[in-house]
Amino acid sequence: MAKTVREAFRVPVEQMDPRGRPIGPQDKAAGKQELAALGERLDQLQEALYAEAIGGGQRAVLLVLQGMDTSGKGGVIRRVGGLVNPQGLHIATFKAPTEQELAHHFLWRVRKQVPAPGRIGIFDRSHYEDVLVARVDGLVPEDVWRGRYAEITEFESELAARGVTIVKCMLHISPQEQAERLLARLDNPAKRWKYHPGDVDARAKWAAYQEAYAEALRRTDTDAAPWYVIPSDRKWYRNWAVAAVLAETLAELDPKFPEPDFDVDAERARLAAVTPATAAR
């Protein structure tokens, strides 16, 4: 039996080839065509979700993007988020915490960015930085970051109970592909602004980060907040895969347009009866 898109990507990171194409389009031309079709479907589903909230619905969707530097979080936001009406999006980027944020619980700044009903929220990095960077760089003691797995799953369960459907995508790239992308940034003056010397420092800790990702995904993958491992060496496939996971999730939610609180036939009659006077010339 053929797998669903979500089943194909809900696997341990160790089992996914960063250049793999386990399901869906197998070449760039097909990927481009299928992404366009997905865009039409996503646009319709998002509009229904937004309209549902206008009618009093409480549901929202949160797309969490995690991955090593150059894995394509920004590219996904542009290519996948760009398929839908930006009015229904809420995008939040989590960089190194400020002094004010450090003075609070690590989830404090995250809670403020949870999408409102009817929106699709996209997190460019997220609360998982506090069990990834914090772990690899030793920013907090081990007992602290280990305790955060349970806090994260509790937080995500709380969101799910409030009607927020969580979709977590780990953008999985190879060290070889990362090297090529970092070099491309150095070679292109228009892209050098995206290069940070610290990216090389993090690259030197590749094995530690892979271990941290593997444990984070294993410890926090739940039915309420599943993890999907997205092969990301091929940008076109990465974009299709995230869009397909999101579309499949929204289709399962099956958002409904609210019924009007007025008599449609009566409004048709009123509209036909009213002919505005035009201004005299």
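Here are the numbers for this structure:
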| quantity | calculated |
| --- | --- |
| Convex hull of Cα atoms in region 152-281, direction-averaged projection (nm²) | 17.0 |
| Of all accessible heavy-atom area on the chain, the percent that carbon and sulfur account for (1.4 Å) | 53 |
| Per residue accessible area in Å² of region 161-281, where ligands, DNA and RNA are left out and the probe is 1.4 Å | 57 |
| Nonlocal amide H pairs with Gly67, under 5 Å, H built at 1.01 Å | Leu171 |
| Dimensionless Rg over Rh [region 26-120; C-alpha; Kirkwood] | 1.05 |
| Solvent-accessible area per residue for region 5-128 (1.4 angstrom probe, square angstrom) | 50 |
| Cα centroid of region 100-143 to Cα centroid of region 145-182, whole Å | 10 |
| Where labels lie 7 Å past Cα in the beta-carbon direction, separation of Lys112 and Glu14 in nm | 3.9 |
| Local electrostatic count at Tyr195 - Lys and Arg +1, Asp and Glu -1, tallied over other residues with Cβ under 14 Å | +1 |
| Calculated FRET value between Leu186 and Glu151, using beta carbons and R₀ = 41 Å, to 0.05 | 0.60 |
| For the chain, projected area of the alpha-carbon convex hull averaged over all directions, nm² | 21.9 |
| Alpha-carbon centroid distance for the pair region 1-72 / region 246-281, whole angstrom | 30 |
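The values are calculated or read from the model by the stated rules, or taken from the named source; none is laboratory data. In this text the structure is predicted, and so the values were computed from the model without any measurement. We place every Cβ from the backbone using ideal geometry, glycine too, and count neighbours over all the protein chains shown. Only protein heavy atoms, including side chains, enter the accessible area calculation; ligands, DNA and RNA are left aside. Shrake-Rupley method; radii C 1.70, N 1.55, O 1.52, S 1.80 Å.
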